[in-house]
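**Student:** Attaching a single structure in structure tokens format; questions to follow.
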Amino acid sequence: MQLIIIRHGEAGMHAVDAQRPLTPPGRADVTRVSRAIAAACDGAFDAIWHSPYKRARESAELLAEELQLPLIQQDSLTPEHDPGAVLTLLQQQPAQSRLLLVSHMPLVNILTGLLVDGRSGGYPFATSQAVMLEMDYPSMGCATFLKQFL
């Protein structure tokens, strides 16, 4: 399985956290990172999973436009959701799956740490940052860190 974990682009203000939109610089950064992912990846990914929060959805839409991939909203990709639930979703996918996940801190940090090191955290993410991981099976400590996109 190949997995690219992406933190959404820079977001603006809104009274409701889930409704915060991307800023113009956030949109530009996500577009730049999506182009870098397209240039570095030698084949199609299956889909882009994204959080239901507006900033993550907008980031996923920009990635989908560049990569020509379908979008799938996953409610388990919200900032404070249990990373174990995300791991369970990944384990239900075919071993040859290639997915992009667009989410938030602290979930992207925790999930990356669990997959690579078998422990929570240790991978701070800037907005629009992405990491590419590869694993035979999505389990704690089983992923190899392949590449970072900034």
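**Student:** Using +1 at the Cβ of each Lys and Arg and -1 at the Cβ of each Asp and Glu in segment 37-150, identify which of Ile48, Gly84, Met105 lies farthest towards the dipole's positive end.
**Tutor:** In segment 37-150, that residue is Met105.
**Student:** Which angle between 0 and 90 degrees, to the nearest 10, do you get for helix 107-117 versus the longest principal axis of the chain when only C-alpha atoms count?
**Tutor:** The angle comes out at about 20 degrees.
**Student:** GNM on the chain, C-alpha springs below 10 Å: top fluctuator among Leu77, Leu87, Leu115?
**Tutor:** Evaluated over the chain, the most mobile residue of the options is Leu87.
**Student:** Would you give the gap between the C-alpha center of segment 24-53 and the C-alpha center of segment 97-113, rounded to a whole Å?
**Tutor:** 13 Å
**Student:** Per DSSP H run of at least 4 residues, take -39500 (n - 2.57); add these up for the chain, divide by its residues and hand me the 222 nm value, nearest 500 deg cm²/dmol.
**Tutor:** Calculated mean residue ellipticity at 222 nm is -10500 deg cm²/dmol.
**Student:** Now, a different point. Between Arg35 and Gln91, 0.36 nm times their residue separation minus their Cα-Cα distance comes to what?
**Tutor:** Additional length available on full extension: 17.4 nm.
**Student:** Taking Rg/Rh (Cα atoms, Kirkwood Rh) straight from the coordinates, which label in (i) 1.05; (ii) 0.96; (iii) 0.93 is the correct one?
**Tutor:** (iii)
**Student:** Dipole size in debye (nearest 20) for the chain around its Cα centre, Lys and Arg Cβ +1, Asp and Glu Cβ -1?
**Tutor:** 260 debye
**Student:** Shifting gears a bit: Quick one: order Ser76, Ser51, Ser103 by neighbouring beta-carbon count within 10 Å, fewest to most.
**Tutor:** Ser76, Ser51, Ser103
**Student:** Against the longest alpha carbon principal axis of the chain, how many degrees, from 0 to 90 and to the nearest 10, is the axis of helix 24-40 turned?
**Tutor:** 30 degrees
**Student:** I'd like the antiparallel share, as a percent to the nearest 5, of DSSP beta bridges with both residues in segment 14-148.
**Tutor:** So the antiparallel bridges amount to about 35 percent of the total.
**Student:** Under 8 Å for C-alpha pairs, at least 6 residues apart: give me the relative contact order for the chain, rounded to a whole percent.
**Tutor:** 31 percent
**Student:** By counting other Cβ atoms within 10 Å of each Cβ, how are Thr127, Thr31 ranked from fewest to most?
**Tutor:** Sorted ascending by nearby Cβ count, the order is Thr31, Thr127.
Here, each number is a calculation from the coordinates, and none is a lab measurement. All figures in this text were calculated on a predicted structure; none of them were measured in a lab. Heads up, the Cβs are rebuilt from the backbone with ideal geometry, glycines too, and the neighbour counts pull from every protein chain shown.
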